Amino acid sequence: MRDTGDCRYSILILCLLGTACRPAVADEGSDAISSTAELLPLSWEELTELDVSGLARRQQSVKDSPAAAFVITGEDIRRSGANSLPDVLRMVPGMNVAKINASNWAVSARGFNDLYANKLQVMIDGRSVYDPLISGVYWGQQNPALQDIERIEVLRGPSGTLWGANAVNGTVNIVTRSARDTQGGLLYGGGGTEERGFGGVRYGGQLTDGVHWRGTLNAVNRDASARLNGAGDTADYMNAQNANFRLDGQTGERDQWMLEANVARYRLQGDYIGVTSVDPPTWRSDDFGRDGVTGSLQGDWRHRAESGHDWRLNMAFTQTEWTLAMNRMSRSQYVLDWQDSLPSDGAHHWLWGLNYQMINDRFDNTLTLSFLPGEFTQHNVGLFLQDQIDLGEDVKLTLANRVEHFTYTGWETEPNARLIWTPDRRHSLWAAISRAVVLPNRAQHSIRLYKTIPGTDRFFEAIANPHMLTENLMAYELGWRWQATDTFDIDTALFYNIYDRMQGTRFTGQVFNDPIPGTLEATVGNERQVKSYGLEVSANYRVNHDWRLQASYSANQFDIEYDRSQSWLRDPLTEQHFNPSHQLSLRSLFNLTSEIELDAWARYVDRLYVDQREIPDYITLDLRLGWHPHRNLEFSVSGQNLLDAYHPEFSDILYIQSVSQLQRGYFAQVSWRF
């Protein structure tokens with residue numbers, strides 16, 4: 001079966017390459033590779049002018065943000081050599097990214113990392129890819145063409161006032177290029193030892209005056225990761241295919257609109273455990289994996305009225321169908337988001353908006369995993385109001401609040417206050433205090449799950465808690481941006497967070513003998529309080545016109561309170577043990593000549609302690625060599641994790657039976673714009 005899949009992908013990539021055998025002229029406005037030469041010499045002012053308007057909901061740059069803002073540009077992505085969204089996010093200071101196996105990542109900000117990390121809101125063009133079943137992101141299902149990404153905006157810390165529940169420790173908005181900016185064709189493909197095969201084709205044109213279109217097809221096939229003892233692989237290979245179609249239009253001078261459709265198919269292989277029948281043999285660990293399709297339709301309309309109002313309406317529909325182990329799920333998700341930026345009233349700049357979300361899901365339950373009721377509908381409504389006040393020429397105060405009603409927990413409020421002071425062009429200081437909430441998810445409210453207790457041969461039955469409340473955060477932040485010289489700048493953030501009503505899963509003391517004798521009952525609840533504090537630093541140094549160095553460091557510590565008399569299913573010190581205390585990243589982007597690039601990326605991650613197993617600290621090194629014989633043609637070779645044959649980055653044996661290790665990998669890539 002695996003050989004057949006590899007053959008299929010080889011044929012697909014060859015077909016994609018074959019479709020481009022007709023000559024065409026590249027549009028001068030397209031994202032040509034020659035822009036590389038324009039990235040490295042950017043000044044501090046130009047870098048801090050990078051846009052985070054998508055997350056701020058109004059025109060705003062990194063420099064003007066009273067928050068820990070960071071932007072990954074399309075050029076950063078291309079020169080990183082990364083082939084997945086989680087690997088790209090490793091650039092962000094304070095972001096925890098750990099690869100569990102070929103198709104699963106643990107991704108979070110400011111700690112709380114896990115397979116089902118639930119405090120990071122992630123959007124693509126404003127459409128949330130946050131999964132309401134687990135309050136997290138299935139990263140293996142998100143495989144857009146990285147070449148279509150214009151930038152990734154990241155706000156670390158809470159932004160629930162603007163983006164609602166679960167935007168607690170960070171918010172990520174992946175902004176894709178408009179159809180207008182991707183005219184002409186792009187063809188790319190490659191393969192190697194771990195990234196076994198990947199490729200895509202994109203073409204854009206103009207329908208009428210002011211209306212442009214773009215279509216993209218891409219596919220990826222990843223090799224399985226290594227077993228913990230290094231003997232063979234864990235059979236957790238994956239493959240995925242995506243199709244995207246986008247229309248961008250402008251009607252007059254006041255209206256802009258966008259329509260986008262996506263279809264993604266994915267097969268994520270892996271070792272899971274399942275119940276085969278109520279009669280012996282009842283349990284077996286096997287390659288059940290996840291097989292699914294997700295489709296979405298999205299529309300966005302912006303209108304600037306003569307009165308000075310700036311309106312934006314975003315609508316999205318997402319349909320997800322997947323099979324996991326022996327369970328099937330079907331879910332429909334509707335989102336309506338409206339905002340209005342009012343005309344300035346002296347020193348006041350008002351912004352308000354409404355959000356409505358409806359989620360309907362249906363499960364075919366099994367003895368291993370069931371959700372009760374099997375079909376359920378949620379309705380979530382939010383209203384926010386923000387005022388940015390000019391206290392002086394260099395001081396701005398932002399006061400905001402959001403009120404939301406959730407089907408599970410009723411009314412919640414998420415206020416914040418932010419202050420930024422820019423005494424001169426070289427310094428910018430900001431401070432913030434915020435409240436944010438994490439909404440209980442569908443699984444916590446309705447799951448019934450039979451699993452083995454990690455490290456034992458006994459079983460437990462996880463019982464949902466329909467009385468779960470929101471987890472609450474009070475966050476205190478300080479930040480300082482400093483341009484030390486014309487070629488060196490530094491960005492620093494400090495935070496202190498208090499989390500109340502944190503989830504915890506404990507054994508109740510109940511023992512069942514049906515269907516498995518001696519099965520223990522475990523239930524989830526708002527059991528713990530967690531405090532965290534940390535430091536995030538990023539620095540940028542332009543050595544000369546052709547060489548830029550980028551470094552980041554983050555430190556994170558936890559203080560956890562819980563009932564030590566209880567028996568816990570998972571480590572009650574999860575946050576303290578699952579998250580590295582120290583992380584360091586150093587990137588070098590160097591133009592050897594006007595046609596040849598040499599890029600390096602080294603990372604250090606402190607040790608973890610996950611599922612009663614130590615994950616040692618590690619240092620990785622990625623190298624990329626790129627050659628541009630023509631402005632529209634690129635060849636590159638990349639090596640990843642070059643310092644060791646393999647190493648583990650995370651573990652989650654509660655859900656994934658085999659602990660995996662990442663292997664050293666090499667791949668080559670070619671891309672051609674026409």
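The values are calculated or read from the model by the stated rules, or taken from the named source; none is laboratory data. Only a predicted model underlies this, so the values are computations on that prediction, with no experimental measurement involved. Every residue, glycine among them, receives a Cβ derived from its backbone with ideal geometry; neighbour counts consider all protein chains shown. For the accessible areas, the whole protein counts, side chains as well, though only heavy atoms, and no ligand, DNA or RNA atoms are used. Shrake-Rupley method; radii C 1.70, N 1.55, O 1.52, S 1.80 Å.
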Exercise. Restricted to the range 178-236, and to residues that are of a type in the set (Phe, Trp, Tyr) and within 20 Å of Gln669 (Cα to Cα), which residue is most open to solvent (accessible area, probe 1.4 Å)?
Worked result: Tyr203
Seminar exercise, completed: In the set Asp337, Asp310, the lone residue that is surrounded by 16 or more Cβ atoms within 10 Å (Cβ to Cβ) and touching an Asp or Glu at 6+ places or on another chain (Cβ under 8 Å) is Asp310
For this session: Please determine, by comparing only the residues of the range 552-578 that are within 15 Å of Arg613 (Cβ to Cβ) and within 24 Å of the chain's Cα centre (by Cα), which one is surrounded by the most Cβ atoms within 10 Å (Cβ to Cβ).
Result: Phe578
Problem set entry | Search result, residues across the range 169-208 that are of a type in the set (Ser, Thr, Tyr) and touching a residue at least 40 places away in the same chain (Cβ under 8 Å) | Thr171, Thr176, Ser178, Thr182, Tyr188, Thr193
Seminar exercise, completed: Residue pairs qualifying under the 6 Å Cβ cut-off, at least six apart or on distinct chains, with the first in the range 69-97 being under 14 Å from Val137 (Cβ atoms) and the second being surrounded by fewer than 24 Cβ atoms within 10 Å (Cβ to Cβ) and aliphatic (A, V, I, L, M), are Val88/Ile77; Val88/Ala82
Exercise. Residues of the range 183-198 being farther than 15 Å from Ser636 by Cα and hydrophobic (A, V, I, L, M, F, W, C), which ones?
Worked result: Leu186
Problem set entry | Residue within the range 540-547 that is in a strand (DSSP E or B) and surrounded by 18 or more Cβ atoms within 10 Å (Cβ to Cβ) present | yes
Problem set entry | Total residues in the range 116-147, condition buried (at least 22 other Cβ atoms within 10 Å of the Cβ), farther than 16 Å from Thr294 by Cβ and in contact with an Asp or Glu (Cβ under 9 Å, 6 or more places away or on another chain) | 2
For this session: Answer yes if at least one residue in the range 207-221 is part of a strand (DSSP E or B), of a type in the set (Asp, Glu) and modelled with pLDDT under 95, and no otherwise.
Result: no
For this session: Would you please name the residue that is nearest to Arg425 (Cα to Cα), looking only at residues in the range 55-79 that are open to solvent by 20 Å² or more (accessible area, probe 1.4 Å) and either of a type in the set (D, E, K, R) or modelled with pLDDT under 90 (or both)?
Result: Lys63
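Name every residue in the range 314-334 that is part of a strand (DSSP E or B) and either at pLDDT below 95 or open to solvent by 40 Å² or more (accessible area, probe 1.4 Å) (or both), in order of residue number.
Met315, Phe317, Gln319, Glu321, Trp322, Thr323, Leu324, Asn327, Arg328, Met329, Tyr334
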Problem set entry | Residue count for the range 155-188, restricted to those that are part of a strand (DSSP E or B) and over 25 Å from Lys119 (Cβ atoms) | 5
Problem set entry | Qualifying strands (runs of 3 or more DSSP E) (wholly inside the range 585-674; at least 1 residues being at pLDDT 95 or above and open to solvent by 50 Å² or more (accessible area, probe 1.4 Å)) | 596-605, 618-630, 633-640, 665-673
Exercise. In the range 556-576, which residues are in a loop (DSSP other than H, G, I, E, B), of a type in the set (S, T, N, Q) and under 28 Å from Glu477 (Cβ atoms)?
Worked result: none
For this session: With the condition kept exactly as written, say whether any residue in the range 518-538 is open to solvent by less than 20 Å² (accessible area, probe 1.4 Å), over 28 Å from Asn169 (Cα atoms), among the hydroxyl-bearing types (Ser, Thr, Tyr) and outside any helix (DSSP H, G or I).
Result: yes
